[in-house]
């Protein structure tokens, strides 16, 4: 019988991690994190990383696998999942992939085309342009050469604007035309569920409450310690993560603590909006509340 990997998608602060933990305990799952920031060691508070007790109760994978000076990619995520799913199944457990990094899910579902490797000198040049003109200006440039990519990116989404411009400048071909998707073939089936979008005011309230709890738990001190332990800079993928990027600016004296909080909340709301946009662009998936029944029966055909 073909292995089934279960997937639980949803925007940030939607409650998917808590639901996944409950399901994993009840149904013998091991969780594979699909979070581009939880891969980093020491970035615990600002990524809402599962607590030690939760990780003792349920094995979690792709958490704390890199130092924050390193980079991780959608391609690496896909390769890791292709390795982990059969390993988990061989232990008699069920793989449950949980997270909101939609690019990673797209890579898993559709594969990735071969894109050019990062060009450090070109990236540095783009960073200099952004420092002079601002990322919204580079977003306008991207809209001229790759309107499809620009349409799905916020004008402040520095990391993805940079990558799209980099790919175009290296190849002369828009990134959107190179992301037609690779092979859909997976050595296992997927059963995909998604959290139903809650009302915008409720989601925004949850985002604010969660970030305030992060501040109370010591997010600022966490980043101070990371800066002490590692050779970090603001352009690293880890330091571009929502929350850390704004706290970095506070520690640099660029903004006040209140401005930091407001900027982090705005960025998190934008992240949730992008995640929901990605979800709407994908096939319709089963509601998350049905996943309990699917796991209980254990014989449903995957719905991806």
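The values are calculated or read from the model by the stated rules, or taken from the named source; none is laboratory data. Given the structure is predicted, the values throughout are model-derived calculations rather than measurements. A quick note on method: Cβ atoms are made from the backbone with ideal geometry, for glycine too, and the neighbour counts reach across all protein chains shown.
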### Query
Got a sec? Which helices (runs of 4 or more DSSP H) wholly within the stretch 71-138 have at least 1 residues that are at pLDDT 95 or above and surrounded by fewer than 16 Cβ atoms within 10 Å (Cβ to Cβ)?
74-90
#### Entry: Candidate set from the stretch 1-54 (those that are without any contact (Cβ under 8 Å) to a residue 40 or more places away in the chain and assigned to a helix (DSSP H, G or I)); member that is surrounded by the most Cβ atoms within 10 Å (Cβ to Cβ)
21
## Note on the structure
When the stretch 148-165 is checked residue by residue, the ones that are part of a helix (DSSP H, G or I) and either touching a residue at least 24 places away in the same chain (Cβ under 8 Å) or closer than 18 Å to residue 239 by Cα (or both) are 148, 149, 158, 159, 160, 161, 162, 163, 165
### Query
With respect to residue 168, is the statement that it is farther than 20 Å from residue 267 by Cβ, surrounded by 19 or more Cβ atoms within 10 Å (Cβ to Cβ) and either free of Cβ contacts under 8 Å to residues at least 60 places away in the same chain or not assigned by TED's automatic domain parsing to the domain that holds residue 282 (or both) true?
yes
## Note on the structure
Checked pairs for the stretch 80-106, first in the same structural domain as residue 238 (by TED's automatic domain parsing) and over 29 Å from residue 277 (Cα atoms), second surrounded by 18 or more Cβ atoms within 10 Å (Cβ to Cβ) and modelled with pLDDT of 95 or more, C-beta under 7 Å and 6 or more apart or across chains, list as 88/30; 88/95; 89/95; 93/29; 93/30
### Query
So which residues in the stretch 139-155 are surrounded by 15 or more Cβ atoms within 10 Å (Cβ to Cβ) and over 11 Å from residue 175 (Cβ atoms), if there are any at all?
139, 141, 143, 154, 155
### Task
Just need a number here: residues in the stretch 276-297 that are under 18 Å from residue 149 (Cα atoms) and touching a helix residue (DSSP H, G or I) at 6+ places or on another chain (Cβ under 6 Å).
1
